[in-house]
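Read the structure below first, then the notes.
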Protein chains: 2
Amino acid sequence: MTSPARFIYNRSEGSKDRMIEKKALRELVARLGKDKVFSEAEYLLAYSYDATGLEYLPDAVVFAESEADVEAVITLCRRHSLPLVPRGAGVGYTGGALAVRGGVVLVFTRMNRILKVDSGDLLAVVEPGVVTSDLQAAAEKIGLFYPPDPASLKTSTIGGNVAENAGGPRCFKYGVTGNYVLGLDAYLMSGEKIRLGTETIKNVAGYDLKSLLIGSEGTLAVVTRVTLRLLPLPPRRLLFRVDFASLADGARFVQRIIQAHVQPAVLEFMDRSSLAAVHAYQRLPLGDRVRAAVLVEIDGSRAEVDEREARFREQVEKAAPVHWERAETAAEQETLWETRRAISPAIAKLKPRKINEDIVVPGGRIPEMVEFIDRLAAEHDLCIVLFGHFGDGNIHTNLMVDPGDAEEMKRAGTVLDRIFKRVVEMGGAISGEHGIGLSKKPFMSYQFSPVELELFRRIKAVFDPDNLLNPGKIF
Amino acid sequence: MTSPARFIYNRSEGSKDRMIEKKALRELVARLGKDKVFSEAEYLLAYSYDATGLEYLPDAVVFAESEADVEAVITLCRRHSLPLVPRGAGVGYTGGALAVRGGVVLVFTRMNRILKVDSGDLLAVVEPGVVTSDLQAAAEKIGLFYPPDPASLKTSTIGGNVAENAGGPRCFKYGVTGNYVLGLDAYLMSGEKIRLGTETIKNVAGYDLKSLLIGSEGTLAVVTRVTLRLLPLPPRRLLFRVDFASLADGARFVQRIIQAHVQPAVLEFMDRSSLAAVHAYQRLPLGDRVRAAVLVEIDGSRAEVDEREARFREQVEKAAPVHWERAETAAEQETLWETRRAISPAIAKLKPRKINEDIVVPGGRIPEMVEFIDRLAAEHDLCIVLFGHFGDGNIHTNLMVDPGDAEEMKRAGTVLDRIFKRVVEMGGAISGEHGIGLSKKPFMSYQFSPVELELFRRIKAVFDPDNLLNPGKIF
């Protein structure tokens, strides 16, 4: 994955003036101590990449352990005009945590304390380096629930989730990360601290800068503390897999269960391509007639789940699917989830590289979009695997390619371009979960007008006039 | 309520150069037609005030009927450097819709079409002048639910709700207006249109300008269309009133039902002062020992409500209140709600004027805050009536005063100042529902640092560099 030649290339591209950085580095070490500041090659290499496959070498890696550390790093970066790139677990899909112009990568994994989980006020206060599943576990221990569930939840951090406004399968019922953020403490590149939001659900004083920071991909301010809303933990969950002869049948079924007010927490779909890959990978038979699968999770109290299951089964009977199954125990549910989670390793076998997009279209138009993409794939001789979140219109679109095949890469570019244009025509969004970062910058002008893009740039300048904080991202 | 002398005073204060405005007015009429543009005294008077009791005379009142009208008014205001003040129903508590510097009041009550209510994608698309309860009725007709319920819902508009990020009793379970806004179409003062958000729950492309506009009190852009998320309508509701010997007892009870995961939709409280006023007003006896009442609404499906009621009753038994009652039918529930809604007319009898604040503190600290305010009221010989939303810490704080009594007004000012300072010390917010507008400007520096206030000003300048859109509000 790491090629030294590539690093050197990127390094020289990223940062020109090595003398200034040497001085900055000495000051960083003097200020923070040797155990937090690293410029050895192995550290620079280890923090040069994320899940995009892109690599950019920083000049230094700093592990913050406190707000004072963050403030010190900001002050030094400003003084030396060094780019500063905040980084959580570094598992992003769009390059948000990459030091494209060199500078300091500020890693938050050591600021991972859960400061409070409060069952009276239903909230948690955490440092940004807390791993999402650790917060979920801490909440569950006292009967509470932190719903956002990005696929990366066992590695990704709350800070990263806030930076990308992370979603996940449960967002249809529960909303995205931003719906749970009550307050943020953050530092501006001026070194000044701001406190946004409160510990309360209601707060309408001043402009909502908290929401502006959520999803801003670490380009406006450096978040050092997050206050999150929690819910009571639903005591019961049921999971179903329903197989259909076409994705259109699956989509009609989904519309029906939405209209029957089943209110599922999860409404996932796998199309023919992902089912084929997963069943081959898991060496499981796949019925001839199965062309789409829908995963449905119902959660709530015991009586509530019973009632919703009854409504759900009525719709299953009406829809007459090819096959369906029900998972009651945790082990049964895990087996069903395994199929969904096996998509990534399964399709990794298909081609050397995955171009991983997360387009969004209005829920009702998923079959139309999937058909459009299937046709494009056939026309341009590409392998495209689709799966995603039916409830919220989020289609994970994986173009499986070989970077060594220039001709194929070119065709992939053409197809991607047409997909993004179609998404915007349908009133959708070019990213539902992963953000823009580096990899989707070229498509921003499809979704946003020049006026809107100019507003983004001017807001960036309000927060970070010298463009030092995570530069080169979004626009 | 309207004093001509006062209007003339305000008018001369608001706008100096009458010649320019005459020309602007002629152009407005030429462009929009006589039936949309008014400068007759009765119109200017009718649109000069809101629920604050403050009055400012505009130079013209324009009733927009389309986006083209809005664009035309913006263009003319910019050309003539005239302030533009968007206005919904004009029922705000903080002066957000008042033309403090004269100019054009742009009224949205004619743009009141519900363009779509979609039971498949669970959303509605509306013009900003739609009255909130009209949208709720349209949604309920097809089994859907628009949860935000500001007390003004029968008069206030969706546009006004978005401008103030309106709350209401149900926000504890369901969140505020902003949690339901999927997309906004709006015009900048440059005359350019922006489209923010999508018809989808997930959308992480670019900065979240949609959320920035929500609660910005009409100071950043003029909203012309709103896409709102809907939920399935809960088929059943139960309402309870539980009376306690002290507010602290009530608070403990509320904490217990939160921890028992009753998940009520509504958790209202009335303190001794509001109970006394309402019971006197309704000529109902109030038990000697009753010092606080808690209103609890449980909603959901039949089985769900049964289950939650059982958990709720367990807590009622443990808490041993002075008295409690249960309302099952709509009529019974209406009677209980009547008491809560009668607070405003009841306390209006106490004094000529109500200074109506909506402070927020963390839920668990309500009894402490109420005690603090009671002590202040006694020390400064003031009548202060308290009620509010227990679940989300929102305390409606009504200082009942006589504007003719300069001494009392001065004492009220002193007390208000101390209340806001205490709110901020407790980590709360100076406004939970009403916004800042004019009346809370003096207290912004209590909640926000100079750095944060400067960010607000610079964001305002990004959107409206000439400060023509609803000037003089927030800061």
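Got at least one residue in the stretch B:47-67 being of a type in the set (S, T, Y), open to solvent by 10 Å² or more (accessible area, probe 1.4 Å), out of contact with any Pro (no Cβ under 8 Å at 6 or more places or on another chain) and modelled with pLDDT of 95 or more? Lay out the reasoning, then the answer.
Looking only at the stretch B:47-67, we keep the residues that are of a type in the set (S, T, Y), and these are B:47-49, B:52, B:56, B:66.
Cutting the leftovers down to open to solvent by 10 Å² or more (accessible area, probe 1.4 Å) gives us B:47, B:49, B:52, B:56, B:66.
Next, from what is left, pick out any that are out of contact with any Pro (no Cβ under 8 Å at 6 or more places or on another chain): B:49, B:52, B:56, B:66.
Adding the requirement that they be modelled with pLDDT of 95 or more leaves B:56, B:66.
Yes, there is a match, as at least one residue in the stretch B:47-67 is of a type in the set (S, T, Y), open to solvent by 10 Å² or more (accessible area, probe 1.4 Å), out of contact with any Pro (no Cβ under 8 Å at 6 or more places or on another chain) and modelled with pLDDT of 95 or more.
One residue is enough: does the stretch A:118-130 have a residue meeting the conditions more than 7 Å from chain B (Cβ to nearest Cβ), over 17 Å from the mean Cα position of the chain (by Cα), modelled with pLDDT under 95 and surrounded by fewer than 19 Cβ atoms within 10 Å (Cβ to Cβ)? Yes, the conditions are met somewhere in the stretch A:118-130. Among the residues of the stretch B:434-469, those identified as of a type in the set (S, T, N, Q) and more than 9 Å from chain A (Cβ to nearest Cβ) are B:S439, B:S445, B:N467. Within the stretch B:143-166, identify whether any single residue is among the aromatic types (F, W, Y) and either in contact with a helix residue (DSSP H, G or I) (Cβ under 8 Å, 6 or more places away or on another chain) or closer than 23 Å to B:L209 by Cβ (or both), and answer yes or no. Within the stretch B:143-166, one or more residues are among the aromatic types (F, W, Y) and either in contact with a helix residue (DSSP H, G or I) (Cβ under 8 Å, 6 or more places away or on another chain) or closer than 23 Å to B:L209 by Cβ (or both).
Among the candidates A:A89, A:A72, the residue that is assigned to a loop (DSSP other than H, G, I, E, B) and at pLDDT 95 or above is uniquely A:A89. The residue pairs whose first member lies in the stretch B:128-140 and is in contact (Cβ under 8 Å) with a residue 40 or more places away in the chain, whose second member is part of a helix (DSSP H, G or I) and not hydrophobic (A, V, I, L, M, F, W, C), and whose beta carbons are closer than 6 Å, counting only pairs six or more residues apart or on different chains, are B:P128/B:G159. Of all residues in the stretch A:86-114, those that are farther than 26 Å from A:K23 by Cα, in contact with an Asp or Glu (Cβ under 7 Å, 6 or more places away or on another chain) and either within 14 Å of chain B (Cβ to nearest Cβ) or not aliphatic (A, V, I, L, M) (or both) total 6.
Scanning the stretch B:25-57 for residues that are out of contact with any Lys or Arg (no Cβ under 9 Å at 6 or more places or on another chain) and not in a loop (DSSP other than H, G, I, E, B) yields B:L25, B:R26, B:A30, B:R31, B:L32, B:F38, B:A41, B:E42, B:Y43, B:L45, B:A46, B:Y49.
Given the criteria charged (D, E, K, R) and buried (at least 22 other Cβ atoms within 10 Å of the Cβ), does B:K441 qualify? Working first, answer last.
Working: charged (D, E, K, R): yes; buried (at least 22 other Cβ atoms within 10 Å of the Cβ): no.
Criteria not met by B:K441.
Condition check for A:D381 on (1) at positive phi; (2) modelled with pLDDT of 90 or more; (3) within 14 Å of chain B (Cβ to nearest Cβ): one failure, at (3). Residues that are in contact (Cβ under 8 Å) with a residue 12 or more places away in the chain and either exposed (fewer than 11 other Cβ atoms within 10 Å of the Cβ) or out of contact with any Leu (no Cβ under 9 Å at 6 or more places or on another chain) (or both) within the stretch A:320-335 comprise A:P321, A:V322, A:H323, A:W324, listed in sequence order.
Take the conditions (1) open to solvent by 10 Å² or more (accessible area, probe 1.4 Å); (2) more than 8 Å from chain A (Cβ to nearest Cβ); (3) under 24 Å from B:A97 (Cβ atoms); B:G404 misses just one of them, which is (3).
Pick from A:Q282, A:Q255, A:Q263, A:Q259: which is polar (S, T, N, Q) and free of Cβ contacts under 8 Å to residues at least 40 places away in the same chain? It would help to see each step written out before you state the result.
Numbers: A:Q282 fails: free of Cβ contacts under 8 Å to residues at least 40 places away in the same chain; A:Q255 fails: free of Cβ contacts under 8 Å to residues at least 40 places away in the same chain; A:Q263 fails: free of Cβ contacts under 8 Å to residues at least 40 places away in the same chain.
A:Q259 is the lone residue from the list that is polar (S, T, N, Q) and free of Cβ contacts under 8 Å to residues at least 40 places away in the same chain.
Going by the conditions given, is A:A292 free of Cβ contacts under 8 Å to residues at least 60 places away in the same chain, surrounded by 23 or more Cβ atoms within 10 Å (Cβ to Cβ), more than 9 Å from chain B (Cβ to nearest Cβ) and small (G, A, S)? Even if it seems obvious, please write down each step before you answer.
Values: free of Cβ contacts under 8 Å to residues at least 60 places away in the same chain: yes; surrounded by 23 or more Cβ atoms within 10 Å (Cβ to Cβ): yes; more than 9 Å from chain B (Cβ to nearest Cβ): yes; small (G, A, S): yes.
Yes.
Considering only residues in the stretch A:327-371 that are assigned to a helix (DSSP H, G or I) and among the polar types (S, T, N, Q), the one that is farthest from A:A51 (Cα to Cα) turns out to be A:Q333. Among residues of the stretch A:251-269 being of a type outside the set (S, T, N, Q) and in a loop (DSSP other than H, G, I, E, B), the one that is farthest from A:N179 (Cα to Cα) is A:A260.
Restrict the check to the stretch A:455-465 and report whether at least one residue is farther than 30 Å from A:Y187 by Cα, touching a helix residue (DSSP H, G or I) at 6+ places or on another chain (Cβ under 8 Å) and not polar (S, T, N, Q). No, every residue in the stretch A:455-465 fails to be farther than 30 Å from A:Y187 by Cα, touching a helix residue (DSSP H, G or I) at 6+ places or on another chain (Cβ under 8 Å) and not polar (S, T, N, Q).
Residue pairs whose Cβ atoms lie under 9 Å apart, sitting 6 or more positions apart in sequence or on different chains, and linking a residue in the stretch A:441-464 that is in contact (Cβ under 8 Å) with a residue 40 or more places away in the chain to a partner that is of a type in the set (F, W, Y), are A:I459/B:Y207; A:K460/A:F475; A:K460/B:Y207. Screening A:D358, A:D392 for residues that are open to solvent by less than 10 Å² (accessible area, probe 1.4 Å) and in contact with a Phe, Trp or Tyr (Cβ under 6 Å, 6 or more places away or on another chain) leaves exactly one candidate, A:D392.
Restricting attention to the stretch B:421-433, the residues that are within 7 Å of chain A (Cβ to nearest Cβ) and crowded, with 22+ Cβ neighbours inside 10 Å total 6.
Could you say which residue among B:G391, B:G435 is over 30 Å from A:F456 (Cβ atoms) and within 19 Å of the chain's Cα centre (by Cα)? Steps first, please.
On the way: B:G435 fails: over 30 Å from A:F456 (Cβ atoms).
Criteria check complete, one pass: B:G391.
Taken over the stretch A:250-273, the criterion of being small (G, A, S) and closer than 30 Å to A:C383 by Cβ is satisfied by A:G250, A:A251, A:S273. In summary, A:E307 fulfils each of the numbered conditions (1) more than 19 Å from A:F390 (Cα to Cα); (2) acidic (D, E); (3) within 30 Å of the chain's Cα centre (by Cα) with the single exception of condition (3).
If only one of B:G437, B:G404 is of a type outside the set (D, E, K, R) and more than 22 Å from B:I347 (Cα to Cα), which one is it?
Working: B:G404 fails: more than 22 Å from B:I347 (Cα to Cα).
Going through B:G437, B:G404 in turn, just one is of a type outside the set (D, E, K, R) and more than 22 Å from B:I347 (Cα to Cα): B:G437.
Go through the stretch B:369-389 and count every residue that is within 24 Å of A:K202 (Cβ to Cβ) and open to solvent by 60 Å² or more (accessible area, probe 1.4 Å). Can you show your working first?
Kept after step one, since they are within 24 Å of A:K202 (Cβ to Cβ), are these residues of the stretch B:369-389: B:369-374, B:376-377, B:384-389.
Remaining after also requiring open to solvent by 60 Å² or more (accessible area, probe 1.4 Å): B:371.
Total satisfying the criteria: 1.
May I ask you to say which residue of B:G287, B:G364 is at pLDDT below 90 and within 14 Å of chain A (Cβ to nearest Cβ)? Even if it seems obvious, please write down each step before you answer.
Values: B:G287 fails: within 14 Å of chain A (Cβ to nearest Cβ).
Step by step, each of B:G287, B:G364 is checked, and only B:G364 is at pLDDT below 90 and within 14 Å of chain A (Cβ to nearest Cβ).
Of all residues in the stretch A:38-54, those that are without any contact (Cβ under 8 Å) to a residue 12 or more places away in the chain have Cβ atoms under 9 Å from Cβ atoms of residues that are assigned to a loop (DSSP other than H, G, I, E, B) and open to solvent by less than 60 Å² (accessible area, probe 1.4 Å), 6 or more apart or on another chain, in A:A41/A:L57.
The values are calculated or read from the model by the stated rules, or taken from the named source; none is laboratory data. Here the structure is a predicted model, which means the values were calculated and not measured. Counting neighbours? That spans all protein chains shown, and the Cβs are built from the backbone with ideal geometry, glycine included. All accessible areas refer to the heavy atoms of the entire protein, side chains included, with ligands and DNA or RNA removed. Shrake-Rupley method; radii C 1.70, N 1.55, O 1.52, S 1.80 Å.
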